[in-house]
């Protein structure tokens, strides 16, 4: 019996080492799966927010048909709407009487900057909503193709943001495009 015991010494140490290697590979695989799932979750979140913002803009356009007839909802891609410098002549159309054109400007500002409020002569953004505040490098564009926007013309609402490309530090632009007939 003593001879058999001596020849089996160290066998359990090899078994433990093999088990540790297999367990380590399993944990590494699970970690990679978790990272991939988190990236997918971020992408889905941004796409959901962008879809919500595009739908909100569509509803605002449909509610202001006089502004649509004036072509007031069309944006210039070269001059994006920013929240840093809100115009002092932009009215708070929630409380003030606004023209159709002013309401269109207010609607675009609300969707891009989130719910804003005017205190004195300056504007403050809620910083918790809006395309610019909820999407990385988020932007909103409204166009009507090769014709200018007006009544009986389809409006194309594009919400864009940057996402990180797979397995790199580069970012790619993602879009949600919604075409409506006001």
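The values are calculated or read from the model by the stated rules, or taken from the named source; none is laboratory data. Owing to the predicted nature of the structure, the values given are computational and were not obtained by experimental measurement. When we count neighbours, we look across all protein chains shown, and the Cβ atoms used for this are built from the backbone with ideal geometry, even at glycine.
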> Out of all the residues in segment 34-80, which are under 14 Å from residue 105 (Cβ atoms) and in a helix (DSSP H, G or I)?
Replying inline: 57, 60, 61, 66, 67, 68, 70
>> Looking only at segment 152-162, how many residues end up being in contact with a strand residue (DSSP E or B) (Cβ under 8 Å, 6 or more places away or on another chain) and surrounded by fewer than 12 Cβ atoms within 10 Å (Cβ to Cβ)?
In response: 0
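Listed here are the residues, each with its yes/no results for (1) in a loop (DSSP other than H, G, I, E, B); (2) within 15 Å of residue 62 (Cβ to Cβ).
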position	(1), (2)
136	yes, no
142	no, yes
158	no, no
173	no, no
177	no, no
182	yes, yes
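Looking for whichever is at pLDDT below 85, in a loop (DSSP other than H, G, I, E, B), surrounded by 15 or more Cβ atoms within 10 Å (Cβ to Cβ) and out of contact with any strand residue (DSSP E or B) (no Cβ under 9 Å at 6 or more places or on another chain) here; the options are 98, 83, 149. Which one fits? Steps first, please.
Numbers: 83 fails: out of contact with any strand residue (DSSP E or B) (no Cβ under 9 Å at 6 or more places or on another chain); 149 fails: out of contact with any strand residue (DSSP E or B) (no Cβ under 9 Å at 6 or more places or on another chain).
Going through 98, 83, 149 in turn, just one is at pLDDT below 85, in a loop (DSSP other than H, G, I, E, B), surrounded by 15 or more Cβ atoms within 10 Å (Cβ to Cβ) and out of contact with any strand residue (DSSP E or B) (no Cβ under 9 Å at 6 or more places or on another chain): 98.
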